[in-house]
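What follows is a set of notes on a single structure, which appears directly below.
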Amino acid sequence: MTQAHATAMQAVLEILETELALNGRAAGFTADTPLLGALPELDSMAVIGLINAMQERFGFYIEDDEIDGSAFATVGAMVGFVENKLAQG
């Protein structure tokens, strides 16, 4: 795992912990941890909160047509989405 990947992973876990109020549960999440459909806290309003938090944390803008449910399927999918957005500049 590269330092950039580890940093993105940690940031995503912090966003999940804060936005979903997981009471420390995110600390045990891995890249394979399922999110959408597996966490009762992750409803449609929470997805909007996660998108806003990612935009604020990483300084990029997410267009409506560049994100779908697959970006929230697992922690790893969410990290991959962030890394792709950061690579686009």
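Look at ASP32 and say whether it is acidic (Asp, Glu) and touching a strand residue (DSSP E or B) at 6+ places or on another chain (Cβ under 7 Å). Full working, then the answer.
On the way: acidic (Asp, Glu): yes; touching a strand residue (DSSP E or B) at 6+ places or on another chain (Cβ under 7 Å): yes.
Judged against the criteria, ASP32 is a match.
State whether one or more residues within the range 28-42 are part of a loop (DSSP other than H, G, I, E, B), modelled with pLDDT under 95 and among the charged types (D, E, K, R). No, the range 28-42 contains no residue that is part of a loop (DSSP other than H, G, I, E, B), modelled with pLDDT under 95 and among the charged types (D, E, K, R).
Here's the yes/no breakdown for (1) under 19 Å from HIS5 (Cβ atoms); (2) surrounded by fewer than 16 Cβ atoms within 10 Å (Cβ to Cβ); (3) touching a residue at least 60 places away in the same chain (Cβ under 8 Å):
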{"site": "GLU19", "(1), (2), (3)": "no, no, no"}
{"site": "THR30", "(1), (2), (3)": "yes, yes, no"}
{"site": "LEU36", "(1), (2), (3)": "no, no, no"}
{"site": "LEU42", "(1), (2), (3)": "no, no, no"}
{"site": "VAL47", "(1), (2), (3)": "no, no, no"}
{"site": "PHE60", "(1), (2), (3)": "yes, yes, no"}
{"site": "ALA71", "(1), (2), (3)": "yes, no, no"}
{"site": "MET78", "(1), (2), (3)": "yes, no, yes"}
{"site": "PHE81", "(1), (2), (3)": "yes, no, no"}
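When the range 12-27 is filtered for residues that are hydrophobic (A, V, I, L, M, F, W, C) and assigned to a loop (DSSP other than H, G, I, E, B), the ones remaining, listed by number, are ALA21, LEU22. Criterion applied to MET45, MET54, MET9, MET1 was being part of a loop (DSSP other than H, G, I, E, B) and of a type in the set (A, V, I, L, M), and the one residue passing it is MET1.
Pick from the range 57-77 the residues that are among the aliphatic types (A, V, I, L, M) and part of a helix (DSSP H, G or I): which of them is farthest from ALA26 (Cα to Cα)?
Result: ALA71.
Would you confirm, using the coordinates I've provided, whether GLY80 is part of a loop (DSSP other than H, G, I, E, B) and not polar (S, T, N, Q)? Judged against the criteria, GLY80 is not a match.
The values are calculated or read from the model by the stated rules, or taken from the named source; none is laboratory data. These figures come from a predicted structure and were not determined experimentally. Glycine also receives a Cβ, built like all others from the backbone with ideal geometry; neighbour counts cover every protein chain displayed.
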